[in-house]
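Here's the structure, in structure tokens; my notes come after.
The values are calculated or read from the model by the stated rules, or taken from the named source; none is laboratory data. Because the structure is predicted, anything quoted here is derived from the model rather than measured. Cβ sites come from the backbone with ideal geometry, for glycine too, and all protein chains shown count toward neighbours. SASA here: full protein model, heavy atoms, side chains in, ligands and nucleic acids out. Shrake-Rupley method; radii C 1.70, N 1.55, O 1.52, S 1.80 Å.
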Amino acid sequence: MSLRREHADGVAVLRLDRPHVRNALGAELVDSLGAALAELDDDPGVRVAVLTGTPPGFCAGSDLKELSRMDGDAMVRHEAATGRLARDIRHLGIPVIAAVEGFAMGGGFLLATSCDLVVTAGDARWHLPEVGLGWVPPWGVQSLVSRVGPVTARRLVWGERPLTGGELYALGAADELTVPGDALARALEVAAGLARLPAHAVTSAKRALADAAGEHAETLDARTAWMFGADCGSEAARRSLARFRTPV
């Protein structure tokens, strides 16, 4: 199993559980996470979901070993499926809170910022390394734009250096800042507070703001997915993927 689930007092915890690959988003994990979120949204006993990762961190992004074995079209389809998962979070009736320790890299960064709230440890490492690898992030950029605006989002997407959780919080891309080791505990406190509110009103408030938070997400993801596919044909991208390709 690549995903673990816990549930108590109206709050469900989903834990990405692929520590041997730094909780990377392979196809099986993406499918499992999408199905789990849909099930929780249909469960009247669940008011809030918290998304976190098994140590050493939250999520290292796409599984590049898996991607390196695909042709260009398959890579685009895989990333498009992950993008749909991230976009669907804003359409769920329940709030989803990301609790980040250790690192949130690439798709892990954008999966976290696609959640309704982000709680980060101050020393967590946040980075979008895709441009340095030779391609644009293929989905999720709108989640940054809605949090920090297009100018700051552009610099984050360029990814010239990693940021700490404290720096990300100062930019407004995270909602809560904690000392190292306390992100999940704080996320659970926030979740418990939301779970005590009338569930129908929490859902209405989320849905009322869904378009404001991600109005252009699908269009932007379609554009970046196309650019990602083109970028992956570049020499820089081929060299990057070759580093992860394992001999058959």
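For the stretch 171-248 and the stretch 58-97, what is the separation of their Cα centres, given in Å?
The distance from the Cα centre of the stretch 171-248 to that of the stretch 58-97 comes to 10 Å.
How big is the charge dipole of the chain about its Cα centre, in debye rounded to the nearest 20, if each Lys and Arg gets +1 on its Cβ and each Asp and Glu gets -1 on its Cβ?
Taking the Cα centre of the chain as origin, the dipole is about 480 debye.
Multiplying the sequence separation of Glu189 and His7 by 0.36 nm and subtracting their Cα-Cα distance, what value in nm do you get?
The span from Glu189 to His7 would gain 64.1 nm if fully extended.
Could you tell me the relative contact order of the stretch 3-180? Use alpha-carbon pairs under 8 Å, at least six residues apart, and round to a whole percent.
Value for the stretch 3-180: 19 percent.
For Trp226 paired with Ser204, estimate the spin-label separation in nm (one decimal), with each label point 7 Å from Cα along the Cα-to-Cβ line.
Between Trp226 and Ser204, the label points sit 4.0 nm apart.
Per q in 0.28, 0.30, 0.32 Å⁻¹, report the Debye log10 I(q)/I(0) for the stretch 1-53, using one uniform scatterer on each alpha carbon and no solvent.
Log10 of I(q)/I(0), two decimals: -1.08, -1.18, -1.28.
Output the Cα-based Rg and Dmax of the chain in Å, rounding Rg to one decimal and Dmax to a whole number.
Considering the chain through its Cα atoms, Rg and Dmax are 17.1, 54 Å.
First compute the accessible area of the chain with a 1.4 Å probe, then give the percent of it belonging to carbon and sulfur atoms.
After summing per-atom areas, the C and S share lands at 56 percent.
Please compute the modelled spin-label separation between Arg243 and Val131, points set 7 Å along Cα→Cβ, answer in nm with one decimal.
1.8 nm
With unit charges on the beta carbons (Lys and Arg positive, Asp and Glu negative) and the dipole taken about the Cα centre of the stretch 72-225, which residue among Gly214, Gly122, Ala74 sits farthest to the positive side?
Gly214
Compute, for the stretch 185-248, the length of the dipole vector about the Cα centre, with Cβ point charges of +1 (Lys, Arg) and -1 (Asp, Glu) only. Units Debye, rounded to 20. Each step should come with its number before you reach the end.
Working: 9 positive and 7 negative charges, 67 e Å.
Computed about the Cα centre, the dipole is about 320 debye.
On full extension of the chain, what length is gained from Asp211 through Ser68, given 0.36 nm per residue of separation minus the C-alpha to C-alpha distance?
48.0 nm
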